[in-house]
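The values are calculated or read from the model by the stated rules, or taken from the named source; none is laboratory data. Please read all numbers here as calculations on a predicted model, not as lab measurements. Cβ atoms come from the backbone with ideal geometry, glycine included; neighbour counts cover every protein chain shown. With ligands, DNA and RNA removed, areas are computed over all heavy atoms of the protein, side chains included. Shrake-Rupley method; radii C 1.70, N 1.55, O 1.52, S 1.80 Å.
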Amino acid sequence: MMKIINKYWTHKGFGSGFGDIINHLSYEYNQVKEPTTIKWYLQPRTHRQIQRVINFLKPNPLINHEFGEYIQKEITPYSQQSHEYWPAKVLHNPCGEKFCAIWLYIKHFSLSPHHQDKIVSRFDLHRLRKDLKEKGYKVVLIPGLKNSGGETLYSVDYDFEQYGYLIQTILKNCSFSICSEGGIAHLSRLMKVPTICYFNQTMPWKGHDFDLRDFWTGGSYRPCNDLTQFNQIAQEICYMN
């Protein structure tokens, strides 16, 4: 018998960002024990976001997805979950070169303090690149996607399929990544890339029952609020000389 899980839109905490959906779907993929259909009743733009994330995930043969018309219900969804991520289709396979991938916000369009705490100054970003090079790393800046939620040092006007291929290729081959807390950091973690996740946040997030520092502390990922500490953290998560 097929189990049905219905997902309705709610203003009480359903996260629809790229990183939120990675977390949400990864958790569902890990939890399912029987043939299951997830029926989504969200806005078209959120359905597109879900389909994008599905394309990054290694399939779970027990799960099928269906997309219906938008339905809003005043229910409280379960929060984002702290768990070991389901694997991506494309996994970390470093090329042997000593290089670091960087995706850091220099501006975020949301005025929420949660998002403002992910931003680094241009000075700090240039200092980080200089420090990395002095320690023998090659540096690859992952561009932002134009018309997204924030700005990185530079951006590209790609469709999402092109952009997804680009960032997966960079993350797959790098030694480790340094990312602002957000979608690319979650994708890096999903791909099992050693990940340094940058944010200054101390307050709890809406929809999260866990502290973000704990969430980003694991075998191959660490939180960071001081980019001058990158080398020490990199040693802990990817065992490089």
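Just a few scattered comments:
- Residue within region 153-165 that is open to solvent by less than 40 Å² (accessible area, probe 1.4 Å), without any contact (Cβ under 8 Å) to a residue 60 or more places away in the chain, within 20 Å of SER188 (Cα to Cα) and more than 18 Å from the chain's Cα centre (by Cα) present: yes
- Residue match in region 62-80 (condition: under 18 Å from the mean Cα position of the chain (by Cα) and open to solvent by 80 Å² or more (accessible area, probe 1.4 Å)): no
- The condition (being modelled with pLDDT under 90, open to solvent by 40 Å² or more (accessible area, probe 1.4 Å) and either closer than 17 Å to ASN225 by Cα or among the small types (Gly, Ala, Ser) (or both)) is satisfied by just one residue among HIS126, HIS115: HIS115.
- Residue selected from region 50-81 under the condition within 16 Å of TYR8 (Cα to Cα) and in contact with a Gly (Cβ under 8 Å, 6 or more places away or on another chain), by the criterion modelled with the lowest pLDDT: SER79
- Among the residues of region 129-147, those identified as closer than 19 Å to LYS172 by Cβ, open to solvent by 30 Å² or more (accessible area, probe 1.4 Å) and not charged (D, E, K, R) are VAL139, VAL140, LEU145.
- Residue check, GLU34 surrounded by fewer than 18 Cβ atoms within 10 Å (Cβ to Cβ), touching a residue at least 40 places away in the same chain (Cβ under 8 Å) and acidic (Asp, Glu): no
- A search for C-beta distances below 8 Å between a residue of region 166-177 that is open to solvent by 40 Å² or more (accessible area, probe 1.4 Å) and any residue that is of a type in the set (Val, Ile, Thr), counting only pairs 6+ apart in sequence or on different chains, returns LEU166/ILE142; LEU166/VAL156; LYS172/VAL90; LYS172/VAL193.
- Test result for LYS73, over 21 Å from ILE184 (Cβ atoms), touching a Phe, Trp or Tyr at 6+ places or on another chain (Cβ under 7 Å) and of a type in the set (Lys, Arg): yes
- The listed residue being within 28 Å of TYR154 (Cβ to Cβ), in contact (Cβ under 8 Å) with a residue 40 or more places away in the chain and in a loop (DSSP other than H, G, I, E, B), out of CYS100, CYS95: CYS95
- Residue match in region 115-123 (condition: in a helix (DSSP H, G or I), over 25 Å from ARG45 (Cα atoms) and either under 15 Å from the mean Cα position of the chain (by Cα) or of a type outside the set (D, E, K, R) (or both)): yes
- Taking first residues from region 11-28 that are within 13 Å of GLN51 (Cα to Cα) and partners that are among the β-branched types (Val, Ile, Thr) and open to solvent by 10 Å² or more (accessible area, probe 1.4 Å), no Cβ contact under 6 Å between residues at least 6 apart in sequence or on separate chains turns up.
- Every residue from region 103-112 that is in a loop (DSSP other than H, G, I, E, B) and either closer than 24 Å to ASN55 by Cα or modelled with pLDDT of 90 or more (or both): LEU104, ILE106
- The residues in region 71-92 that are of a type in the set (A, V, I, L, M) and either in contact with a Leu (Cβ under 7 Å, 6 or more places away or on another chain) or not in a loop (DSSP other than H, G, I, E, B) (or both) can be counted, and the count is 1.
- Residue list for region 196-225, restricted to those being at pLDDT below 80, within 23 Å of SER16 (Cβ to Cβ) and open to solvent by 30 Å² or more (accessible area, probe 1.4 Å): MET203, PRO204, TRP205, LYS206, HIS208, ASP209, PHE210
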